[in-house]
Each structure stands twice: as structure tokens, then as C-alpha cells.
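Below: one structure, written as C-alpha cells.
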Amino acid sequence: MKLKSWLLAATAAIGLAAAVPVAAQQFESRTIRVSNGVNEDHPVGAGVRAMAQCAAQRTGNRMRVQGFWGGALGGDLQATQALRAGTQEMVVTSSSPLVGILPALGVFDLPFLFANEAEADAILDGEFGRDMTQRLEGVGLVNLAYWENGFRNATNSRRAITKWEDFQGVRMRVMQNNIFLDTFRNMGSNAIPMAFGEVFTALETRAIDGQENPLVTIETSRMNEVQRYLSITRHAYTPFLVLYSKTLWDRLSPAEQEVLRTCTIEGRDAQRRANREGNDRSLQTLRRAGMQVNELSAPEATRMREHARTVWDRHAEQIGRDVVARMGTELDRLRAARPGG
Ligand code: TK8
């Protein structure tokens, strides 16, 4: 190449480098794949977009976060195993399917654990959540934040659920989790464990009668197309874990790790906001779509909660009695400080 052309090219390259903020120049170009079992119009989409925008801004567009939706990279457990194998960077997953990896996570599956979102946030974002994050690191998973799947409600094609006995004989899909299996068997349901990606088709073909999920998931998974009854039971609260493969995490620079920690928290706040705003909207949408909606009365919710208490006793050992006891102590402290909840 002639000297003049070379000088021109070199000048252009230096000029370009100078255009990228110095801070950004410390970042490699990298695409981070994050797997999700829900669809992109679910509030998790708002969280991933906020996280991606934050990462791009802080790295001069060198760190790209790419979402894969509807279980395209596999269901919760399958994607999580890919992280542990170091073949995928991130997943947003319910905690429930991971109890085979870390039994202590089962504490979040105990029926009627949280009374409201404020309690859930205080536990998850506080000392209890940090302890669980530390336990996850021990099994090759870096939990960057707790996002919100939310309070779970029941849908089915056979009858309105007005009291726990109405579950009798209903073939209810539950997550692949022994506490959910027990909770629904204990109410007389024929509980069937199944990965989330198979649920819509199983409902459509009547292989199962019902399932249970938060309102925004029921709506964005179009379950009104294959379910007649929606019963507001709020029988459990599921967190989403935003996990990074520890194997791949350890190869990141401290600066990249800092960006991801900061941006996953920004994503958390956007996702929780979208989830909570979305719940009311989803309920109206599902009503308009023709679902027959009922809410458990307070006395029947109390009866269901009391009936489910036996599940707590049966699973405390497997979860870890210390973990269950700490959760109880933390919740008692929160409730004493905020009697109104
Ligand atoms: C989505 C799942 C799902 C969960 C379930 O990846 O399996 O019912 O509530 O939303 O995590």
C-alpha cells in the first residue's frame, strides 16, 4: 500500500478509536445470549431491553445482550444446565425447576409463603436473597438479580375453583418441582409435572385440564385460547433468577462484570414495574377474551392456606430446616415492622 494511502488509513483508524469514549475502549466486542421461556411481550422483555440498553451505553455498544424467547434455547432447567456446562451465558428462569440442583431454592415454592410483593422484594433483595445467591455460586451459577415471575393463579377447562376441594380430579400441570406436585396432589388434583414449553399444546389437546401461572404469563402465553376458567388464588409467588454461567463469568474482566451487575439491576427495576403494571391489564384482557374469572373469597383463601400447611412440614427437611426457619424469622420481622403488610 502506498505510504500516502497507509497514512490516510492509519489516521482514520486513530480518529475512529478516539471517537469511542476511552472508558469503552476497555471492553471487548461481545454478544451475551439470554434465554427465556416466556414470550418477548412478557414483562421479562422489558427487563431484557433495559439491561441491553444499559450495557450498550456503558460499553460503547461493544457489549450486546441478545434475548431468545419462548424456550428457543431450551426450557428453564435445560438452559440452566447449559450455563453450568459453559455453553451459554445467561438465562432468566423460575427458581422452581432448579431444586434438583439446589434443594434450598424449594423454600420459594412453599404455598402461600409471601403475602405481597413488598415482602418478596424485601426477602429477595436482602440478606436472605444474598445468601441464596451465594449458594447458587457453589453450583456454578452467578445470580445477578431476582426478577419477578409473580403470584400464581389457576386456570382450567372444567370448573371455577372457589375452594380447595374444587381441584378434586382436575389434571393440573405443575412445574417440575416436588413441592408444587405435593401442593396440588394435597388438594385432590391429578398433578402432572411438565416443562413450560409443552403446556399450551397439552391444554389445547386436553391432555391436561389446567395449569397455574401469574396473570401476565397466562395472557402473553395466550392461554385464554385453551382455558375457560381463571381463578385468582395467589397460592404461591415465584421469583425469576437472572443467572450467568460461572465458567463464562470468570472469563469476563472486572469492568465487564460490573456493567452486567449494574445493568441487571436496572433491568430488574424495569421488569418488576412492567410486571406489576401488567397484571391488572392482563386481567382485563383475559376477561375481555371471554375467560370466566373468579377470585377466592377471603375465608376460602384462608382454608386453602391452612390446608396447604402440611406441605410445609413434609418438605422442610429436604429444603433445609435452617433455611425454612430463617425465612420464617425474616418474614416475622418484616410483618412486625409493617403490620399492614
Ligand atoms: C418460563 C417459566 C414459567 C413458569 C412455569 O420460563 O414453568 O410455569 O412459571 O413461566 O419459568
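Both radii come from the Cα set of the stretch 279-341: Rg as radius of gyration, Rh as Kirkwood radius; their ratio Rg/Rh reads 1.14.
In this label model, Arg338 and Arg288 are separated by 3.1 nm, measuring between points 7 Å along each Cα→Cβ vector. Mean sequence separation of contacting Cα pairs (under 8 Å, at least six apart), scaled by the length of the chain, corresponds to a relative contact order of 25 percent.
On the basis of the beta-carbon distance and an R0 of 22 Å, Ser253 and Ile101 show a calculated FRET efficiency of 0.20. Across the stretch 327-336, rounded Karplus estimates of 3J(HN,Hα) from the backbone phi angles (6.51 cos²θ - 1.76 cosθ + 1.60, θ = phi - 60°) give 4, x, 5, 4, 5, 4, 5, 4, 5, 5 Hz, Gly and Pro being marked x.
Each peptide among 98-111, 320-333, 184-197 gets the average number of other Cβ atoms lying within 10 Å of its residues, and from highest to lowest they stand as 98-111, 184-197, 320-333. Answer with one residue from Phe68, Leu241, Gly320: the one whose Cα lies farthest towards the positive end of the charge dipole of the chain, charges on Cβ with Lys, Arg +1 and Asp, Glu -1. So the residue furthest toward the plus end is Phe68. Only one residue of Asn186, Thr59, Val174 has its Cα farthest out toward the positive end of the dipole of the chain, where Lys and Arg carry +1 and Asp and Glu -1 on Cβ, and that residue is Thr59.
Computed from Cα atoms, the angle from the helix 3-19 axis to the main principal axis of the chain rounds to 40 degrees. Taking a spot 7 Å from the Cα of Arg222 along the direction of its beta carbon, which residues of the stretch 271-287 have an amide N less than 17 Å from it? Residues 285-287 qualify, since their backbone N sits under 17 Å from the label point.
Restricted to Cα atoms, the stretch 70-177 shows a radius of gyration and a Dmax of 16.0, 46 angstrom. Fully extending the segment from Asp280 to Val139 would add 47.1 nm, taking 0.36 nm per residue of separation and subtracting the current Cα-Cα distance.
GNM, the chain, Cα, under 10 Å: largest mean-square fluctuation among Arg288, Arg84, Arg305? Most flexible of the set in this elastic network: Arg288. Convex hull volume per residue, computed on the Cα atoms of the chain, equals 154 Å³.
When shorter helices are ignored and each DSSP H run of at least 4 residues is given -39500 (n - 2.57), the per-residue value for the chain at 222 nm works out to -15000 deg cm²/dmol. Summing Lys and Arg as +1 and Asp and Glu as -1 over all other residues whose Cβ lies under 12 Å from the Cβ of Thr155 gives a net charge of +2. When the convex hull of its Cα atoms is viewed from all sides, the stretch 143-282 shows a mean projected area of 9.2 nm². Couplings 3J(HN,Hα) for the stretch 62-70, derived from phi with the Karplus relation 6.51 cos²θ - 1.76 cosθ + 1.60 (θ = phi - 60°), are 8, 9, 10, 9, 10, x, 10, 10, x Hz, where x marks Gly and Pro. Per-residue 3J(HN,Hα) values for the stretch 83-99, derived from phi via the Karplus relation 6.51 cos²θ - 1.76 cosθ + 1.60 with θ = phi - 60°, read 5, 5, 7, x, 9, 8, 7, 9, 8, 9, 9, 4, 6, 4, x, 9, 5 Hz in sequence order (x marks Gly and Pro). Remark on Ile32: its backbone amide H falls under 5 Å from those of Arg64, Val65, Gln66, a criterion applied only to residues 5 or more positions apart or on other chains, H modelled at 1.01 Å from N. For Ile192, the residues whose amide H sits under 5 Å from its own are Met172, Arg173, Val174, ignoring neighbours fewer than 5 places away on the same chain, with H placed 1.01 Å from N.
Helix 298-319 and the longest principal axis of the Cα set of the chain meet at an angle near 60°. Subtracting the Cα-Cα distance of Arg261 and Ser297 from their residue separation scaled by 0.36 nm leaves 8.8 nm. Among 228-237, 290-299, 212-221, the peptide with the highest mean count of other Cβ atoms within 10 Å heads the list, and the full ranking is 212-221, 228-237, 290-299. Between amide H atoms placed 1.01 Å from N, distances below 5 Å from Val91 occur with Ser35, Leu243, all of them 5 or more places distant or on a separate chain.
Read the figures in this text as sums done on the coordinates, not as results from a lab. Given the structure is predicted, the values throughout are model-derived calculations rather than measurements. Every residue, glycine as well, gets a Cβ built from its backbone with ideal geometry; the counts of neighbours run over all protein chains shown.
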